[in-house]
Amino acid sequence: MAEALREFHARAAVHAAALGVRVTRIGLSDAATRWGSATADGAIRLHWRLIQLAPDLLDAVVAHEVAHLREMNHGPRFWALMARLVADPAGTRRRLRDAAASLAPF
Ligand SMILES: [Zn+2]
């Protein structure tokens, strides 16, 4: 899991710099129903299985949680931030849903 954490830290650093936010902690999760989560104190948790997905999907989830450090909702301002961080937020979102369905624990 060290590889996953290393990758998460690298991607989070890029997105945090782009948004001017600080990620205080990154933890691994094996939650049954979500790829990641974020709390207002700057801690984000990411599913370890993201490392098994395409790099742009992993990146989109990290971007999603980092964007929550600016916008703790899924409103228009949140998606405007996402549009700055990833090339195709709607497309990656769809592919992440499909990927979740194909993972046994989900
Ligand atoms: Zn969210």
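An ellipsoid equivalent to the range 1-40, defined through the eigenvalues of its Cα gyration tensor, has semi-axes of 19, 14, 8 Å when rounded to whole angstrom and sorted largest first. Globularity index of the chain is 0.97 (Cα radius of gyration / 2.2 N^0.38 Å, N = number of residues). When shorter helices are ignored and each DSSP H run of at least 4 residues is given -39500 (n - 2.57), the per-residue value for the chain at 222 nm works out to -17000 deg cm²/dmol. From the largest down, the range 32-75 spans 27, 19, 16 angstrom on the principal axes of its Cα atoms.
Read the figures in this text as sums done on the coordinates, not as results from a lab. Just so it is clear, the model here is predicted, and its values are computed rather than measured.
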